[in-house]
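Here's a structure for you.
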Amino acid sequence: PRALAFADDILWIADTESVYQLTDSIEPVDQSFPLINTLTPRATGGVQVGTLSGLWAVDLSGNTISPFGQSENVLFPERNIRRIFTDQAGVTWIATREAGLIKALPVQRGFDGFVLPSELDTVDTLIELAPDSLLLGSRRGLALLNRGAEIRFLPVARTEEFAVNRFAHRNGEILVGTGSGI
């Protein structure tokens, strides 16, 4: 599997281009996707599918539906979606390979993009540290996004030797998964 997610008490499994629901049996979603990178539960049920070519949503019946109430089947079809994360305030953050970080606004149906320093044009993963800060992982290191009155990016560690591609929480610690280990 390329991605796993629990949503609606169902295990969702993705391989390179297919999504499956594991209930009493394994049921494939009736849709072929571009290369799948991530699965994330949706607040309205089902999962969001981040792919090489945009963001898709799948409902419980296994039919693709439009994410965030848009009329298109896919959002950001020209973007490589690496991670989808909803913070404590209900804001959805979308990490991309080519366009940095995109903030999906939950009340207004719109999107804010952030212009990142060139070393952060690629964002592969993110994790919430506090209600006003996110830790961003990229192929070029770590950065902190402070979302107070003024939005600021602060470099934490810059290195191309340890491309950051995953985060995990454990007992108050953040484990950083890189191309060279944890």
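The values are calculated or read from the model by the stated rules, or taken from the named source; none is laboratory data. The shown structure was predicted, so the numbers you read here are calculated from the model rather than taken from an experiment. Neighbour counts are summed over all protein chains in view; Cβ atoms, including those assigned to glycine, are modelled from backbone coordinates with ideal geometry. For the accessible areas, the whole protein counts, side chains as well, though only heavy atoms, and no ligand, DNA or RNA atoms are used. Shrake-Rupley method; radii C 1.70, N 1.55, O 1.52, S 1.80 Å.
Condition (residue is under 18 Å from Asp124 (Cα atoms), in contact (Cβ under 8 Å) with a residue 24 or more places away in the chain, part of a strand (DSSP E or B) and out of contact with any Leu (no Cβ under 7 Å at 6 or more places or on another chain)) applied to the stretch 60-74: is it met by at least one residue?
No, there is no match, as no residue in the stretch 60-74 is under 18 Å from Asp124 (Cα atoms), in contact (Cβ under 8 Å) with a residue 24 or more places away in the chain, part of a strand (DSSP E or B) and out of contact with any Leu (no Cβ under 7 Å at 6 or more places or on another chain).
Count, please, the residues in the stretch 6-20 that happen to be among the hydroxyl-bearing types (Ser, Thr, Tyr) and more than 11 Å from Val58 (Cα to Cα).
Selection size over the stretch 6-20: 2.
Restricting to the stretch 18-28, name every residue that is surrounded by fewer than 21 Cβ atoms within 10 Å (Cβ to Cβ) and either in contact (Cβ under 8 Å) with a residue 24 or more places away in the chain or closer than 16 Å to Thr92 by Cβ (or both).
The answer is Glu27, Pro28.
Provide a single number: the residues in the stretch 29-52 that are modelled with pLDDT under 90, surrounded by 13 or more Cβ atoms within 10 Å (Cβ to Cβ) and either over 25 Å from Asp87 (Cβ atoms) or among the small types (Gly, Ala, Ser) (or both).
Result for the stretch 29-52: 6.
For the stretch 70-104: of the residues being over 16 Å from Gln48 (Cα atoms) and open to solvent by less than 70 Å² (accessible area, probe 1.4 Å), which is modelled with the lowest pLDDT?
Among residues in the stretch 70-104 that are over 16 Å from Gln48 (Cα atoms) and open to solvent by less than 70 Å² (accessible area, probe 1.4 Å), the one modelled with the lowest pLDDT is Ala99.
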